[in-house]
Structure formats: C-alpha cells, structure tokens
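Peer 1: Let me give you the structure first, and then I'll get to my questions.
Derivation of every value follows stated rules applied to the coordinates shown; laboratory data play no part. Just so it is clear, the model here is predicted, and its values are computed rather than measured. Ideal geometry is used to build each Cβ from the backbone, glycine not excepted, and the neighbour counts take in all protein chains shown.
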Amino acid sequence: MDDANAVEAAGVPTSALNRIDLSSSDIQQSASLLKQACLDSGFFYVINHGISQDLMEEVFAQSRRFFGLPLSEKMKLLRNEQYRGYTPLFDEVLDAANQIQGDYKEGYYIGTEVPEDDPDAQKPHLGPNLWPSEELLPRWRQTMEIFHSQALNVVKVVARIIALALDLEADFFDKPEILSKPIPILRLLHYEGLISDPSKGIYGAGAHSDFGFITLLATDDVPGLQICKNKDAKPQAWEYVQPLKGAFIVNLGDMLERWSNCIFRSTLHRVIGNGQERYSIALFLEPNHECLVECLPTCMSEENPPKFPPILCQTYLAQRYGDTHADLDVYIKEGV
Ligand code: OGA
Ligand code: NI
C-alpha cells in the first residue's frame, strides 16, 4: 500500500489539485486552470517555478539544523515585536476555540531586510532580521536570503495569473500602491513527531485560513496538511493535500477573499501530526503596509455589492497576528 492509500485507508481522502506550470507560455490557459482551482478549493500546485531542487534541499537542511539546536540557543533568537525570529512551541494558536494549548510547532520568521535607520524599519514585519551567527550555522543567512528573494519572484508571478483569473490586467497587483513595498514573510516550520488528536484539541496547526494575499508552501514528504473546501459545511469534510516533489502548494488568504468580494475564498486548512517529524516552509505575500484592500472593480456589481469595508493592509495584519500569537510578556514572566 503506498502512502496515499494508507492515508485514504484512515478515512481521509486526498484532494486532486490542479497544477499550474509557470514555464508554460500559454498564460491564458494557466489563468483558466488557476481560476478553476480557486473556485473549487483555493489550493493548487505550482510546478516548474524555476527554483532549483538543490536550493530547496539546502533550505530544508538549514532549517533542520536550526531547529536541531538546543532550546536555549533558539530562545536567544526569540521573535521580537516585529515578528522576526524564533517562535517556540505553542507560540501560535490558530484555532483557539478548538485547541487546548496551541500549535504543536515551532517556527522562524524571516522578512525583507530593512536597515535600522530606514523609517520603514519600525513597522511590523519590516526592519532587520534576527540571524543565527555564522559560526553557529554557516551559510544560514545567505541560504535564507537567496530563497526569500527567489520565492518572492515566484509568488509575484502567481499574483499576475491571479489577476488574469479575476479579469484584471496581468500587472494589476504590480501597481506601486499595492506591491512596490510588499511584505513577504518567510516562515520555517517544524512539527514534532506528535500524533494529533482532534477529539482532544491537539493539532500540529489548528484549523485556519491564512491572513494575507497569497501563500506559497514547500513541504517535506511527510503528509499532514488537510484542507476543508467548504468552511461553512457542518460537519466539516477534510482532505489531505499530498506533498508533490519540487512543487509549491499555493493557497489564497483572507485578504484576497476580501479583495475579491468572496469570489475567491480563502480555504480552511490545518496540520495533523501522524507521529513523524515534519518540516515545511511558507512564504506569505502581503501587499504594502499602506495598501487599501477594497473590493476589486471586477468583483462587484449592482446585485453583488462589496461585502467588506475597505481596510489598510497594516491594520488587518496587526489584528490577525495579534490575535494568534502569544504576548511576548509571557516569555519574560517565564524567565527565558
Ligand atoms: C501555515 C500553514 C501548513 C504546513 O503556516 O499557515 O498552514 O504544512 N502551514 O506547515
Ligand atoms: Ni496556513
């Protein structure tokens, strides 16, 4: 029995997702496949994205090296007010209503490096990164910076196809007020080899939809990610998204759901631990801090007026990050 069958035997089916080939010259066809995927599940694979397998493997190897450090070393890089650095186990609680303790995962946030003397450096998700020293983890910073920049290029290409799928000009999101100073948040994730138990509120990552615009996700070959295509259905029906070697899994976030007036929905997903350790790497693309997210011109009509009031990206993100992350005071009280 192969892995996919083993999973199905456990009663959870596998989702068949469309593959968007970024090397294809037929962008209209890509847009149509992507649109179908967005209307069906809000999740798809991106293949032939141009990031080499060697670099992908190097990033995972460096991620394993970091999470393999003693906790005391990792805590020296504890995330700061601007969401940079290490997030310990339970730092994030994605589904407070159904979780007992928080997510059984640790993470590491890396963003665009903005020098300390730049006025933007004070904004959340911008400013200088926290880096492990070169002596501790040689080539770590370099590897992450290269990957961060290449993954940003990939997600910008995806944004162009999304624009076409929403009947907008391909470069709609490239406008200066939208993506001239984007917030691409790279997050390394490590799930311990714990077996999740939804009946007891124990999850690798609680059910959530991503906060922002678009998420790119690379995973190792351990299954765990599940999606729920219809978040309003009761009971909820979950399907596995299987890892696809060399591909990114892409999903849409809540900001795009608002922007598109729910034509493209953000999809509920979670991570279920099966007892094996698991690593994944996400890149969350958010527009400029000052970008006003308001109903797109092609997503409203007289019969379908805007469902959400306009909101600044920075206001929305601050709310969502604040709601889901531990208060940093917790760590001071714990004396770490
Ligand atoms: C996330 C997420 C999935 C995974 O970080 O938002 O959904 O497979 N991660 O780690
Ligand atoms: Ni997510």
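Peer 1: Between Leu312 and Asp167, what FRET efficiency comes out of the Förster formula 1/(1 + (r/R0)^6) with R0 = 25 Å and r the beta carbon distance, rounded to 0.05?
Peer 2: 0.50
Peer 1: Same structure, new question: Kindly give Rg over Rh for the stretch 224-336, based on alpha-carbon atoms, with the Kirkwood expression for the hydrodynamic radius.
Peer 2: Here the Rg-to-Rh quotient is 1.03.
Peer 1: Separate question: Quick test of the membrane-span-like rule: which DSSP H helices of the chain reach at least 24 Å along their long axis (C-alpha atoms) with mean Kyte hydropathy at least 0.0?
Peer 2: Span-like helices here: 140-165.
Peer 1: Would you please give the FRET efficiency between Gln53 and Asp232, computed as 1/(1 + (r/R0)^6) with r the Cβ-Cβ distance and R0 = 41 Å, to the nearest 0.05?
Peer 2: The value I calculate is 0.60.
Peer 1: Separate question: Using only Cα atoms, figure out Rg for the stretch 280-336 and give it as a multiple of 2.2 N^0.38 Å.
Peer 2: 1.68
Peer 1: Can you pull the percent of Cα pairs in the stretch 55-143 with separation above 16 Å?
Peer 2: 60
Peer 1: Of Lys74/Lys231; Lys35/Lys105; Lys200/Lys234, which pairs sit farther than 29 Å apart, going by alpha carbon to alpha carbon?
Peer 2: Lys74/Lys231; Lys35/Lys105
Peer 1: With just the Cα atoms defining each centre, how far is the stretch 81-149 from the stretch 209-240? Give it in Å.
Peer 2: The stretch 81-149 and the stretch 209-240 have Cα centres spaced 22 Å from each other.
Peer 1: Hey, another quick one. Work out the length of the dipole vector of the chain about its Cα centre, built from +1 on the beta-carbon of each Lys and Arg and -1 on the beta-carbon of each Asp and Glu, and round it to the nearest 20 debye.
Peer 2: In total the dipole reaches around 400 debye.
Peer 1: Moving to a separate point now. In nm², what is the average projected area of the convex hull enclosing the Cα atoms of the stretch 123-173?
Peer 2: Average projection, Cα convex hull of the stretch 123-173: 4.7 nm².
Peer 1: What would the Debye equation give as log₁₀ I(q)/I(0) for the stretch 209-256 at q = 0.22, 0.28 Å⁻¹, counting only Cα atoms as equal point scatterers?
Peer 2: Summing over Cα pairs of the stretch 209-256 leads to -0.89, -1.09.
Peer 1: Between Glu303 and Ala96, what FRET efficiency comes out of the Förster formula 1/(1 + (r/R0)^6) with R0 = 30 Å and r the beta carbon distance, rounded to 0.05?
Peer 2: 0.25
Peer 1: Residues in the stretch 140-181 near a label at Asp26, defined as backbone nitrogen under 18 Å from the 7 Å Cα→Cβ point?
Peer 2: Counting backbone N atoms under 18 Å from the label point, the list is 161-162, 164-165.
Peer 1: Bin width 10 Å, origin at 0, all Cα-Cα pairs of the stretch 5-115: what percent of pairs per bin?
Peer 2: Spelled out bin by bin, the stretch 5-115 gives 11, 22, 32, 29, 7, 0 percent.
Peer 1: So what J values fall out for the stretch 125-135 if you push phi through Karplus, 6.51 cos²θ - 1.76 cosθ + 1.60 with θ = phi - 60°, rounded to Hz, Gly and Pro as x?
Peer 2: With the stated coefficients, the stretch 125-135 comes to 6, 10, x, x, 7, 9, 10, x, 5, 4, 5 Hz.
Peer 1: Please give the peptides 57-69, 209-221 ranked by average Cβ packing (other Cβ atoms within 10 Å per residue), highest first, as a rough proxy for protection.
Peer 2: Per-residue Cβ counts within 10 Å, averaged per peptide and sorted highest first, yield 209-221, 57-69.
Peer 1: Moving to a separate point now. Is the shape of the stretch 41-100 best called rounded, prolate or oblate, per the rule: a/c under 1.5 gives rounded, else a/b larger than b/c gives prolate, else oblate, with a ≥ b ≥ c the square roots of the Cα gyration tensor eigenvalues?
Peer 2: oblate
Peer 1: Calculate I(q)/I(0) for the chain by the Debye formula, one identical point scatterer on each C-alpha and no solvent, and give its log10 at q = 0.08, 0.10, 0.12, 0.14 Å⁻¹ to two decimals.
Peer 2: Values returned for q = 0.08, 0.10, 0.12, 0.14 Å⁻¹ are -0.36, -0.57, -0.85, -1.21.
Peer 1: With label points built 7 Å along Cα→Cβ from the Cα atoms of Thr14 and Gln319, find their separation and express it in nm.
Peer 2: Roughly 3.9 nm, to one decimal.
Peer 1: With equal scatterers on the alpha carbons only and no solvent term, can you work out the Debye log10 of I(q)/I(0) for the stretch 89-188 at 0.10, 0.22 1/Å?
Peer 2: So the normalised log intensities are -0.42, -1.13.
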